[in-house]
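Bear in mind that the values in this text are calculations on the coordinates, not laboratory data. All figures in this text were calculated on a predicted structure; none of them were measured in a lab. Every residue, glycine as well, gets a Cβ built from its backbone with ideal geometry; the counts of neighbours run over all protein chains shown.
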Amino acid sequence: MEKDKILELFKSTGALQHGHFRLTSGLHSSEYFQCAKVLQYPQYNELLCGDIFRHFHDWRVELVVAPAIGGIMVGQEVARQLRVRGVFAEREDKTMSLRRGFEVKPGERVLVCEDVVTTGGSVLEVVELVKARGGVVVGVASIVDRSREPINFGAEFFPLLKMEVPVYQPESCPLCKENVPIVKPGSRKLDASTK
Ligand code: ZN
């Protein structure tokens, strides 16, 4: 899919919103992105993951592993299209682990799938987890790449869309200066103050 088409899909489903937001980090932004809003439509998930499928379909992938929770829908759909097993890793006492009887077989060729990569921390943990079980990570795929610096996953990284998100310190936020009401993402409540 072309970049414009993907962005259009993000906007029409409300996954990408413009305004004045206070992010969980405390920073302010003029954009907010919630990938689940687009992935909740199976037909769009199928479309987006189709690009990941086409990129990796002849890489002899045998297993897709996704970090929970964000990566699950992407991992499942990519695994479905590749006709391979799809599992997810989840945090147990803060450590990424495979539960529920999920397995990585020694030598198995693994594709790691995520919805949004920001720092790449969760994906890196999954990569290490797969390697520790003798799996071979052949690639990492994500719908969106929001990283600010290149991340070395030790395998090819294939994001569908690189999205730079403008963030500001509250003190130097231009939207605050214009008194634009601020919204905490995920809630419809407007904050009375601008900070
Ligand atoms: Zn602001």
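General observations
- With a Förster radius of 25 Å applied to the beta-carbon distance between E2 and A68, the computed FRET efficiency rounds to 0.25.
- Counting Lys and Arg as +1 and Asp and Glu as -1 over every other residue whose Cβ lies under 11 Å from the Cβ of I72, the net charge comes to -4.
- Computed E for K177/I151 - FRET, C-beta separation, R0 25 angstrom, nearest 0.05: 0.15
- Projected label distance in nm at K37 and D58, using a 7 Å step from Cα toward the beta-carbon: 3.8 nm
- Global geometry of region 50-119, whether rounded, prolate or oblate, following the gyration tensor of its Cα atoms and the 1.5 cut on a/c: oblate
- When the GluC sites (Glu not before Pro) in region 1-61 are filtered for DSSP coil states and for at most 14 other beta-carbon atoms within 10 Å of their beta-carbon, the remaining sites are E2.
- Backbone amide hydrogens, once placed in the peptide plane, bring A141 within less than 5 Å of V112, C113, E114, F158, excluding anything fewer than 5 places away on its chain.
- Given K3/K131; K94/K184; K131/K162; K37/K94; K37/K162; K11/K184, the pairs whose alpha carbons are separated by over 29 Å: K3/K131
- DSSP beta bridge pairing in region 87-195, given as percent antiparallel to the nearest 5: 20 percent
- Spacing of the modelled spin labels on S25 and E125, each 7 Å from Cα toward Cβ, amounts to 1.8 nm.
- Test item: Cα-centred dipole of the chain, Lys/Arg +1 and Asp/Glu -1 on Cβ, debye: 380 debye
- Sparsely packed GluC sites (Glu not before Pro) within region 85-192, loop by DSSP, other Cβ within 10 Å at most 15: E103, E164, E178
- Take every Cα pair under 8 Å whose residues are at least 6 apart in sequence, average their separation, divide by the length of region 3-177, and the relative contact order is 20 percent.
- Within region 32-123, chymotrypsin sites (Phe, Trp or Tyr not before Pro) in DSSP loop having at most 14 other beta-carbon neighbours inside 10 Å: W59
- DSSP bridge orientation in the chain - percent antiparallel, rounded to nearest 5: 30 percent
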